[in-house]
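Every number in this text was worked out from the coordinates using simple rules, so none of it is lab data. Keep in mind that this is a model prediction, so the values were computed, not measured. Cβ placement follows ideal geometry from the backbone for every residue including glycine, while neighbour counts extend to all protein chains displayed.
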Amino acid sequence: MFLCRENELNKMNRRYRTGSMECIIIYGRRRVGKTALIHEFAKDKPTIFFPALKSSARENLQALSKAIYYFLHPEAIEAPVYASFDAAFAEITRIAKEQRVVFVIDELPYLVKADSSITSRLQHLLDHDWHDSKLYLILCGSSMSFMEKKVLSEKSPLFGRRTAQFKILPLTYLDAARFHPELSPADNALLYGITGGIPHYINKLNVCGSIKDALLENFFDPSAYLFEEPENLLKQELREPAIYNSIITAIAGGATRLNQISDRTGIDTSVCTKYINGLTDLGIVQKRLPVVQKSAKKTTYHISDNFFRFWYRFVPGNMLAVSSGNMERIYDAAVGSYLSAYMGLVFEDICKQYLVFYAADLPFQLQEIGEWWGPDPNQKKEVQVDIVALGAKPNNTTSGRKMLIGSCKFKNEAIGTNELDLLKEYAALFATANDECYFYIFSKSGFTSGLLERQQQGEVTLVSIDEIYGLGRRSE
């Protein structure tokens, strides 16, 4: 069953109904659901689907020839091979002159690697042979850096030829919850924290009862698909997976500064930066700066892909138990007892998404959202505020900023007044007397009566996990 991506499907279908030539670019990290989206769009349309191979130009030409021939002759058993890509594309041209047809090149980077002239050939066809045809061309790729630099950038032969582009991102926490509406909000948050909103992983985890049982069966098992998935992805996408693996391991272990990552891995900082950039291109690692008081010296690196975060947090350290078949016996102590702490960053991300989704309910229009960290001279240590969101800068330069300052707690206990006091104390480290501050606290397990009373007094807005997932919202 196909879920979500309705916005992309509607836009793609609107363009299809015009009958005009279209060149649609679809890209996003591997497993995010690009091909599933294309198949859902094309299921009731005449389609030539060509999945490019990570192979030679000759083998790709054979695969393209089969795709074209089987479209024309569905009952055929064997297909002749065209003499060249030009001949194969000429057949596409002939078909598209006669009828509306969808032509998909899936994993375009593989095809271009096999034959570097492909982008120029496509440019020529789009400019001369296909511009007045009924062709609906879809160019799809998993290498985001390739698609952005070699297809979408102004240096690409294809620059300016696209009629639309879709960067397919992981599902939001709300869309991910649509796969398992029977789960509680807390369990759906945990599911999002494990799979990162990747539909493929949600399906593979196959939660039928408890998440614990699903993890033991489909994750912490050497024969399970998800067990080797991160290593397989690194091998597919990168030339030196072992080095990238060591960098991810270092970041997952708490090394968030460049010098810390360099020390943990033994890789020089300049070289380390190159590999980190590669992981950033893949959407695995994210570079962060505080929303206010930005400085390059405060740059930190985090694993932005929740699936990778979960795997590197819990699999390598429990590899012996997994391989020996003892994972079920130690699960509660080795995994379950740490889940609340692990979910801290995930819950922060969920709460930021919530603020963006329900922005109309906020006291001001958000312009930027992130977090803040910096030194606390009183405690003589670095402290962090989970959410800092800024409004538009006022025209009157003497006026302060509108700031939403939030704390996110995925704990198995009600949050009390001390959390609000601490939040205000930390806010004073970066907010000025002229700033207009609004305090928010998000909680998995509710709030104490004392904190609820301070909400009634207008000091803070409290948001439960039920509200985050759309249950019992104030506006309803």
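Which order do the peptides 336-348, 361-373 come out in when sorted by mean C-beta neighbours inside 10 angstrom, highest first? The partial results should precede the final answer.
On the way: 336-348: 17.5, 361-373: 15.8.
Ranking the peptides 336-348, 361-373 by packing returns 336-348, 361-373.
For Leu111, Leu289, which order do you get if you count the other beta carbons within 10 Å of each Cβ and list the fewest first?
Working: Leu111 28, Leu289 17.
Fewest to most other Cβ atoms nearby, the residues stand as Leu289, Leu111.
Under a Cβ-Cβ cut-off of 15 Å, what is the net charge of the residues other than Ser445 that fall near it, where Lys and Arg count +1 and Asp and Glu count -1? Provide the component values of the computation, followed by the final result.
Values: positive: Lys409, Lys411, Lys444; negative: Asp187, Glu413, Glu419, Asp466, Glu467.
It works out to a net charge of -2.
At 37 °C and 0.692 mPa s, what whole-number value in µm²/s does Stokes-Einstein give for the translational diffusion of the stretch 6-167, with Rh from the Kirkwood sum over Cα pairs?
Values: Rh = 15.8 Å.
The diffusion coefficient I find is 208 µm²/s.
Filter the trypsin sites (Lys or Arg not before Pro) in the stretch 46-116 down to the DSSP loop ones having no more than 11 other Cβ atoms within 10 Å, then list what survives.
Loop-located and lightly packed - none at all.
Based on other C-beta atoms within 10 Å, arrange Phe219, Phe89, Phe310, Phe49 from fewest to most.
In order of increasing Cβ crowding within 10 Å: Phe49, Phe89, Phe219, Phe310.
Sorted from fewest to most neighbouring beta carbons within 10 Å, what does the list Glu459, Glu91 look like?
Ordered by Cβ neighbours within 10 Å, fewest first: Glu459, Glu91.
Mind checking Rg over Rh on the chain, alpha carbons, Kirkwood formula for Rh?
Rounded to two decimals, Rg/Rh equals 1.01.
Taking just the C-alpha trace of the stretch 186-343, give me its Rg and Dmax in Å.
16.3, 49
Exactly which trypsin sites (Lys or Arg not before Pro) in the stretch 190-287 are in a DSSP loop and have at most 12 other Cβ atoms within 10 Å?
Answer by residue number: Arg239.
So how far apart, in nm, are the two label points at Arg257 and Gln165 if each is 7 Å from Cα heading toward Cβ?
Between Arg257 and Gln165, the label points sit 3.6 nm apart.
Averaging sequence separations of C-alpha pairs under 8 Å and six or more residues apart, then dividing by the length of the stretch 158-298, give the relative contact order as a whole percent.
10 percent
How many angstrom lie between the C-alpha centres of the stretch 120-143 and the stretch 399-476?
Centre-to-centre (Cα) distance: 51 Å.
Compute the long axis of helix 241-252 from its Cα atoms, compare it with the longest principal axis of the Cα atoms of the chain, and write down the angle in degrees, 0 to 90, nearest 10.
The helix 241-252 is inclined about 20 degrees to the chain.
Placing unit charges on C-beta atoms (Lys and Arg positive, Asp and Glu negative, everything else neutral), compute the dipole magnitude of the chain about its Cα centre in debye, rounded to 20.
Charge dipole, the chain, about its Cα centre: 1160 debye, nearest 20.
Restricting to the chain, compute how many DSSP beta bridges are antiparallel as a %, nearest 5.
For the chain, the DSSP antiparallel bridge percentage is about 35.
Please give the Cα centre distance for the stretch 178-238 versus the stretch 266-312, rounded to the nearest Å.
Rounded to whole Å, the Cα centres lie 23 Å apart.
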